[in-house]
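Here's the structure we're looking at; comments come further down.
The values are calculated or read from the model by the stated rules, or taken from the named source; none is laboratory data. None of these values were measured; they are calculated from a predicted model. Cβ placement follows ideal geometry from the backbone for every residue including glycine, while neighbour counts extend to all protein chains displayed. Heads up: the accessible areas ignore ligands, DNA and RNA and are worked out on the full protein's heavy atoms, side chains in. Shrake-Rupley method; radii C 1.70, N 1.55, O 1.52, S 1.80 Å.
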Amino acid sequence: MVIVKLVLAYEGTDFRGWARQPELRTVEGVLSNALQRIVRGEPELSVAGRTDAGVHARGQVVSFPAPEDTDPERLQRAVNSMLAPEVVVLSASPAPDGFDARHSATAREYRYRIDLGPVPDPFTARYVWHRPGELAVAAMRRAARDLAGEHDFASFGRKPEERGASTVRRLQRLTVSRSGDRLEISARATAFLHQMVRSLVGTLVAAGEGKLDPGSIPGILAARDRGRAGPVAPPHGLTLERVVYGRPLTVPRSRR
């Protein structure tokens with residue numbers, strides 16, 4: 001057997017998230033069904049990021065063991081012929097022994113897009129949160145500074161189902177940028193809790209609206225109470241942009 005690594009892009013609107021679920025259409029489900037027609041047996045997929053329903057991906061990574069004679073280029077062409085353009089294999093290649101898309105990753109990078117304009121754009125509406133009206137970007141950046149670093153993010157996500165799993169995560173980067181009516185929030189971490197990015201976005205937006213004091217972030221983190229953070233932002237504005245493999249970033253001690 002060999003390990004095959006796939007880099008995927010997909011439009012998440014019509015999927016109930018990544019993870020296979022009985023009688024529901026998911027990215028893992030359609031990809032597994034396609035791969036079964038190419039490799040012998042049902043592939044055991046490992047994925048870098050288990051995206052929620054409605055969330056998109058530009059650089060998702062999947063790995064699985066396959067027969068030694070598997071041709072990655074042929075596999076890429078075959079899967080794309082069945083699933084594109086909704087799900088596209090951007091690249092397929094053999095991976096080193098021991099590679100695992102989830103456990104070998106050192107960081108995931110997400111981007112959330114917000115449209116502040118007065119009316120929605122029908123050509124981007126599936127990929128941005130249309131939220132008309134101004135936001136105080138300076139207040140959002142102030143809140144983001146206190147969120148960066150290593151913290152217990154129990155106030156910003158669901159606790160993992162694994163017994164004894166920690167809610168401590170290392171948020172390597174959280175930035176807010178604006179160009180015209182488009183505002184983007186980028187987040188990079190070693191790993192994220194379920195709905196953590198969308199909760200971070202909702203909290204930053206609440207700070208930008210003046211509904212949340214940017215200086216209250218340390219208290220929200222310490223509370224470990226999801227009710228203290230801002231609302232969860234809609235899923236369709238979120239995209240998994242990239243998965244990083246290799247040496248992780250060093251977070252300054254003052255940001256931990």
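The residues of the stretch 101-110 that are crowded, with 16+ Cβ neighbours inside 10 Å and either part of a loop (DSSP other than H, G, I, E, B) or among the aliphatic types (A, V, I, L, M) (or both), listed by number, are A101, R102, S104, A105, A107. Of the residues making up the stretch 131-170, those that are at pLDDT 95 or above, under 21 Å from P234 (Cβ atoms) and not in a helix (DSSP H, G or I) number 7.
Scanning the stretch 1-23 for residues being open to solvent by 70 Å² or more (accessible area, probe 1.4 Å) and modelled with pLDDT of 95 or more gives a total of 2. Taking the stretch 210-224 as the range and being hydrophobic (A, V, I, L, M, F, W, C) and open to solvent by less than 70 Å² (accessible area, probe 1.4 Å) as the test, the residues that pass are L212, I217, I220, L221, A223. Just name the residue that is nearest to V89 (Cα to Cα) out of those in the stretch 49-67 that are within 9 Å of the chain's Cα centre (by Cα) and part of a strand (DSSP E or B). Looking at residues that are within 9 Å of the chain's Cα centre (by Cα) and part of a strand (DSSP E or B), I get Q60. Just to be sure I understand the filter: pairs with C-beta atoms under 6 Å, separated by 6 or more residues or on different chains, first member in the stretch 227-246 and polar (S, T, N, Q), second member surrounded by fewer than 18 Cβ atoms within 10 Å (Cβ to Cβ). Which pairs pass? As it stands, the answer is T239/R58, since those pairs meet every condition given.
Looking at P118, P94, which is the one that is farther than 17 Å from A34 by Cβ and without any contact (Cβ under 8 Å) to a residue 24 or more places away in the chain?
Values: P94 fails: without any contact (Cβ under 8 Å) to a residue 24 or more places away in the chain.
Going through P118, P94 in turn, just one is farther than 17 Å from A34 by Cβ and without any contact (Cβ under 8 Å) to a residue 24 or more places away in the chain: P118.
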